[in-house]
Amino acid sequence: DSNSVSDKSSRSPLPDVASSHEVPMVRAVIVSTARTGLAKSFRGGFNATHGAALGGHAIAAALKKANIDPGLVEDVIMGCGMPEGETGMNIARNAAMWADCPVTVSGQTVNRFCSSGLQAIAMAAHSIMVDGAPVTIGGGLDSISLVQPKMVKGVVVEKKLIKAMPALWMPMIDTADLVAQRYGISRARQDEYSLRSQQRTAAAQQAGLFDDEIVPMETVMMLKDKETGEVSKVPYTVVKDECNRASTTLQSLAALTPVRAEQDPSATVTAGNASQLSDGASACVLMSEAAAQRAGVTPLGAFKGFAVAGCAPEEMGIGPTVAVPRLLERHGLKVADIDLWELNEAFACVPLRCADVLGIDHDKMNVNGGAISIGHPFGMTGSRQVGHALLEGKRRGAKHVVVTMCVGGGMGAAGLFEVL
């Protein structure tokens, strides 16, 4: 049948690169953001708090801020770096139910390690832009206290892959030492950066710059008596980020021994120039711009785009250097066009190397500190960064903001947002 084969000349041409710069018909906007404070893992306020409670608290608070009926939400998408144990069983759906969303609200949990929260927001936006969902939630959570000890014991490698690419299972701190060594990032530079992070967070806390995003959460923590070793349950309220060490000095940082000093005498990563293990959750409510207008909701910002890129797993810390150029090129932008950057401080060598390569002005990057001083629940951080970048961007009169991070396994992720 001659009609079974289409004439090639009549086929629609593939869109050219310029078409990807056009604003989509439906625009997804972030209308609210809410999060817990970040508590130190193992000895902080959330050391016995289930993931459904952490995520549910953030979801309920974000919905309340937006004054949106939970029944309008089509899907709750939550990133989780370790979706097992107390953060397993599709924790996004369970967190939505904890937040008293009706059973009609669906949920999905996504994992791309440290970019999981950003990935979730991108997917929530895509659901609005592509599928016509009126309201979605994107966010993230992790309970390192409850899950990491079990997960580390349960790691299972694959024999072919471990021989071909052992770095896929390489501890993150090993990759950070490698990046510092490979690209000549000195211990002094890492410590100086970390001090600045601590100072920026301390100043931001003093100025109340996190108050618009943190919603205090009452919980019960496990408290160990240092003398007797007895563990007891104690009522506790996490009201702020508890990881910042405002008294940090260059001398106190320099006094710390590198974590891997025994294995590698040239190691430079210490507890002071790496992100802090912490527990917490964040959620952002997204709507189509038209739905937000109908509801009388003022958006914080608009989702513009998202990109990922791969790199060698042993130097996963350089991930933003491959993801950011891809993102900016798609939108016809340059680094200089971005007014504010949230580049995750997984280790001090990460923002240092990435800023060196990309040419990012440190006065526009992590302006109120980052994971080194605030904390880093893996799956939550991306969502926290988005919420904070939009709020801080509004305070500064910024237009374009980028959230980016390195990702375990050798990847980078980057999201572009417009402050409204």
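The values are calculated or read from the model by the stated rules, or taken from the named source; none is laboratory data. Quick caveat: nothing in here was measured; it's all calculated off a predicted structure. Reconstructed Cβ throughout: ideal geometry from the backbone, glycine too, with neighbour counts over all protein chains shown. Areas reflect the complete protein model, heavy atoms only, side chains present, ligands, DNA and RNA absent. Shrake-Rupley method; radii C 1.70, N 1.55, O 1.52, S 1.80 Å.
Which one is farthest from Gly280 (Cα to Cα), of the residues in region 146-159 that are open to solvent by 80 Å² or more (accessible area, probe 1.4 Å) and not in a loop (DSSP other than H, G, I, E, B)?
At the first step, the residues of region 146-159 found to be open to solvent by 80 Å² or more (accessible area, probe 1.4 Å) are 150, 152-153, 155-156, 158-159.
With the extra rule that they be not in a loop (DSSP other than H, G, I, E, B), the set shrinks to 150, 152-153, 159.
On the way: Lys150: 18, Val152: 20, Lys153: 22, Lys159: 35 Å.
Residue satisfying both the conditions and the ranking: Lys159.
Of the residues screened, Glu74 is one that is open to solvent by 10 Å² or more (accessible area, probe 1.4 Å), more than 19 Å from the chain's Cα centre (by Cα) and farther than 29 Å from Met222 by Cα. Note on region 351-370: among residues that are of a type in the set (Asp, Glu) and not in a loop (DSSP other than H, G, I, E, B), the one that is most open to solvent (accessible area, probe 1.4 Å) is Asp363. Between Ile185, Ile162, the distinction of being in contact with a helix residue (DSSP H, G or I) (Cβ under 8 Å, 6 or more places away or on another chain), open to solvent by 40 Å² or more (accessible area, probe 1.4 Å) and either within 28 Å of Ala261 (Cβ to Cβ) or not in a helix (DSSP H, G or I) (or both) belongs to Ile162 only. Counting the residues of region 55-77 that are touching a Leu at 6+ places or on another chain (Cβ under 6 Å) and under 18 Å from Ser115 (Cα atoms) gives 1.
Within region 97-144, which residues are in a loop (DSSP other than H, G, I, E, B), open to solvent by 20 Å² or more (accessible area, probe 1.4 Å) and in contact (Cβ under 8 Å) with a residue 24 or more places away in the chain?
Once the filter is applied, which keeps residues that are in a loop (DSSP other than H, G, I, E, B), open to solvent by 20 Å² or more (accessible area, probe 1.4 Å) and in contact (Cβ under 8 Å) with a residue 24 or more places away in the chain, region 97-144 yields Asp100, Pro102, Thr104, Asn111, Phe113, Gly132, Pro134.
When region 43-96 is filtered for residues that are assigned to a loop (DSSP other than H, G, I, E, B), without any contact (Cβ under 8 Å) to a residue 60 or more places away in the chain and over 20 Å from Leu277 (Cβ atoms), the ones remaining, listed by number, are Asp69, Met89, Asn90.
Only a single criterion out of (1) at pLDDT below 95; (2) more than 26 Å from Val350 (Cβ to Cβ) is not satisfied by Gly107, namely (1). Filtered by the rule that a residue be over 28 Å from the mean Cα position of the chain (by Cα), part of a loop (DSSP other than H, G, I, E, B) and modelled with pLDDT of 95 or more, region 215-256 gives a lone residue, Ala255.
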